[in-house]
1. Assuming R0 = 25 Å, what is the FRET efficiency of residue 43 and residue 80, from their Cβ-Cβ distance, to the nearest 0.05?
2. Can you give me the distance in nm between label points at residue 30 and residue 93, each placed 7 Å from the Cα along the Cα-to-Cβ direction?
3. Which peptide among 133-139, 83-89 comes first, and what is the full order, when sorted by highest mean count of other Cβ atoms within 10 Å?
4. Between residue 20 and residue 144, what length in nm is gained on full extension when 0.36 nm per residue of separation is reduced by their alpha carbon distance?
């Protein structure tokens, strides 16, 4: 009976400072998650390192999680390699993540309706959440 209890505690690894998931980041310039959108400016996609607080782990397999971007906004993040598994206990920890940030494309200028005739016959709607305007594809992260 004690053996089973011991085996269960070994499987649940606590999240501690310095824990690495994926490849270990080698940050040269770390951007605060709250300043990422301003740092990107007009660029649609950049490779960078960000620092932020994990709000929640949405899916452990594949490493899907949300990072606090300030002002009620979140950055949706996931690992580029699906074989990465992160614990739900990562919630509330500060991390440094290395990867690719990308702004969400919103076709609000009518280009998504190109070719539709007559005008107004088909109405397309854009369901973009302004609080989730950036996605981040993570190569690796380290817990601070």
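Bear in mind these aren't lab numbers, they're just calculated from the coordinates by the rules spelled out. Please read all numbers here as calculations on a predicted model, not as lab measurements. Virtual Cβ from ideal backbone geometry, glycine too; neighbours counted across all protein chains shown.
1. 0.85
2. That separation, rounded to one decimal, is 1.4 nm.
3. Most protected by this proxy first, the peptides run 133-139, 83-89.
4. Taking residue 20 through residue 144 to full extension adds about 43.7 nm, to one decimal.
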